[in-house]
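Following: one structure in structure tokens, then a few remarks.
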Amino acid sequence: MPSLTKLFSMEEISQHNTKDDCWVVIDDKVYDLSSYLDEHPGGDDVVLAATGKDATEDFEDAGHSKTAKELMQSFFIGELDTSDIPEPDIVSTKPTRRDYAQKLIDLAKQYWVVPTAVVGLSVVVGFLFFRKK
Ligand code: HEM
């Protein structure tokens, strides 16, 4: 079923950063706190400082009560559009079969002297052995 939740980009959200027009993002949800700023027990400055960025950590750090978390639902206006936020590059540290093959080739290149010496020595010993006969 298609979601009816409105999506906002961080760029758009960050433009609502004044006392009369204040949006914050908490847990990827967008809240319009314009009408609540004057009543906010923690003051308006802390909330205004949290506009234009992810305020989840600041909100959690303030140790909001259950009542505060219920109250915030009434200011919910939509969700953060995360589609334009670049995903961090996930670099796999697990070696692949290709890595193992490359390692073998590197080792073979590095230690070519040993097998070459063994083959060379065998040829010389064989030559001397058959010449004696
Ligand atoms: C999203 C809507 C928000 C609501 C409904 C809300 C509500 C409340 C309420 C009711 C309190 C009184 C203490 C409690 O009951 O927990 C409070 C305190 C406080 N809030 Fe918020 N708040 C919101 C967002 C924020 C944000 C975004 C920040 C910080 C960036 C913040 C920072 C604080 C601080 C610092 C206190 C004071 C804590 C203390 O005195 O120990 N609040 N808030």
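Couple of notes before you dig in:
- Dipole magnitude of segment 7-80, debye to nearest 20 (Cβ charges: Lys/Arg +1, Asp/Glu -1, about Cα centre): 160
- Karplus-derived HN-Hα couplings along segment 40-49 (A = 6.51, B = -1.76, C = 1.60, θ = phi - 60°), whole Hz, x at Gly and Pro: 4, x, x, x, 8, 4, 5, 5, 4, 5
- Converting phi to 3J(HN,Hα) with the Karplus coefficients 6.51, -1.76 and 1.60 and the offset θ = phi - 60°, segment 113-118 yields 4, 4, x, 4, 5, 4 Hz in sequence order, with x at every glycine or proline.
- Heavy-atom accessible area per residue - segment 1-124, 1.4 Å, Å²: 77
- Accessible area (Å², 1.4 Å probe, nearest 10) - V123: 100
- Taking amide H as placed 1.01 Å from N in the peptide plane, C22 has its amide H under 5 Å from the amide H of L33, S34, each at least 5 places away in sequence or on another chain.
- Residues with amide H under 5 Å from that of V30, placed H, sequence gap 5 or more: I77, G78, E79, L80
- FRET efficiency for D99 and D61, using Cβ-Cβ distance with R0 set to 25 Å, rounded to 0.05: 0.05
- Coil-residue trypsin sites (Lys or Arg not before Pro) of segment 1-82, DSSP, other Cβ within 10 Å capped at 13: K6, K19
The values are calculated or read from the model by the stated rules, or taken from the named source; none is laboratory data. Predicted model, so just to flag it, every value in this text is computed and none were measured. Note that each Cβ is placed from the backbone with ideal geometry, even for glycine, and that neighbours are counted across all protein chains shown. The area values use the complete protein model at the heavy-atom level, side chains included, leaving out ligands, DNA and RNA. Shrake-Rupley method; radii C 1.70, N 1.55, O 1.52, S 1.80 Å.
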